[in-house]
Amino acid sequence: MTLSSNYSTAPVSEFFLICFPNYQSWQHWLSLPLSLLFLLAMGSNATLLITIRLEASLHEPMYYLLSFLSLLDMVLCLTVIPKVLAIFWFDLRAISFSACFLQMFIMNCFLAMESCTFMIMAYDRYVAICHPLRYPSIITNQFVAKASVFIMARNGLLLSPVPILSARLHYCGKNVIENCICANLSVSRLSCDDVTLNRIYQFVAGWTLLGLDFILIFLSYAFILRAVLRFKAEGAAVKALSTCGSHFILILFFSTILLVVVLTNVSRKRIPMDILILLNVLHHLIPPALNPIVYGFRTKELKQGFQKLLQRRL
């Protein structure tokens, strides 16, 4: 495909995504593992959603929150990975102006929604372990519905200005994005305008929301650990910690990969751009692929529900 000229006086109507500018031969080697991870993410999350939907014993707030997390994972995967694979397989690098900023909106908002969902799940485990008698009256289906609305409203309203500010910029020069995705920093640097406000808003809003979520998650687990250490019944501490072990592993996956992406972007002058691009793609793929598997293997109720589902179909 012949790319547009790097510089033009005409307004930009579409962009071209260049994955791994320095090592484009990587695309052929990466397409197979990324395809397998994508199928794993879609299949495992769909299986988890179907199991929770059809198994009546799983119609509880904790599993509704897990279903909500799976939906967010699937939307993020479907927003990013099919386009990446289309570039790898068919060299379809072009993306329209509106599609690029729609992708940017979903990536920014849904990433923060996942963080907020982990925070709500940490609160769920805090109430279950620290206030077990009050759990049925606090964590109800109505609570999950209100929490879901809060998650979508908070992150949608506070992070939608990021793609809006980027879309309002004047793009009169390069239209080649050196990335596999329409990340805000990758797109806005192509603008002819001053992008200081755009970058400051993304930094402040993004890190305020994510930072607040992780502080509340840390506090929830600190209270859980303090409560568990006071248990006197034999095996009670182990049983209590096992109930939130899966959730803690999911948070570990999410936060570790996010931290790696952030640190590598801060050190972008020392780390090749292609590595940064690969990490950004994997950040939208590895947690969605691993989250339902971890919960499925570690949660007895989910394993039993899946086994019952298989028995009904056999």
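Key figures
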| item | result |
| --- | --- |
| Cα-projected label distance for Asn141 with Leu71, points at 7 Å along beta-carbon direction, nm | 1.5 nm |
| Within the chain, helix-based [θ] at 222 nm, where runs of 4 or more DSSP H residues each add -39,500 (n - 2.57), nearest 500 | -25000 deg cm²/dmol |
| Relative packing of 286-292, 127-133, which averages over residues the other C-beta atoms within 10 Å, highest first | 286-292, 127-133 |
| Apportionment of accessible area to carbon and sulfur, the range 14-309, percent (1.4 Å) | 70 percent |
| Most mobile of Asn280, Asn179, Asn22 in a GNM of the chain (Cα contacts under 10 Å) | Asn22 |
| Calculated over the range 6-138: convex hull of Cα atoms, volume per residue (Å³) | 154 Å³ |
| Kirkwood hydrodynamic radius (C-alpha pairs) into Stokes-Einstein, the range 88-236, 4 °C and 1.567 mPa s, D in µm²/s | 72 µm²/s |
| Debye intensity ratio I(q)/I(0), log10, the chain, q values 0.13, 0.14, 0.16 Å⁻¹ (C-alpha model) | -0.99, -1.11, -1.35 |
| Surface per residue (accessible, 1.4 Å probe) for the chain, Å² | 51 Å² |
| Virtual spin-label span in nm between Trp207 and Ser25, 7 Å along Cα→Cβ | 3.9 nm |
| With Cα atoms, 0 to 90° folded angle of helix 141-159 axis to the chain main axis | 20 degrees |
| FRET efficiency estimate (nearest 0.05) - Cβ-Cβ, Ile249 to Leu229, R0 30 angstrom | 0.90 |
| Theoretical gain in end-to-end length, Leu39 to Ala56 [0.36 nm per residue, Cα-Cα removed] | 3.4 nm |
| Efficiency of FRET between Lys300 and Ala86 - r from beta-carbon atoms, R0 30 angstrom, step 0.05 | 0.15 |
| Efficiency of FRET from Cβ geometry, Asp274 and Glu14, R₀ 25 Å, rounded to 0.05 | 0.60 |
| Full-extension gain in nm, Ala94 to Arg189, via 0.36 nm per residue minus C-alpha separation | 32.4 nm |
| List Arg53, Arg199, Arg189, Arg270, ordered by accessible area with a 1.4 Å probe, largest first | Arg270, Arg53, Arg189, Arg199 |
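The values are calculated or read from the model by the stated rules, or taken from the named source; none is laboratory data. As the structure is a computational prediction, the values presented were derived from the model and not from experiment. Neighbour counts are summed over all protein chains in view; Cβ atoms, including those assigned to glycine, are modelled from backbone coordinates with ideal geometry. Only protein heavy atoms, including side chains, enter the accessible area calculation; ligands, DNA and RNA are left aside. Shrake-Rupley method; radii C 1.70, N 1.55, O 1.52, S 1.80 Å.
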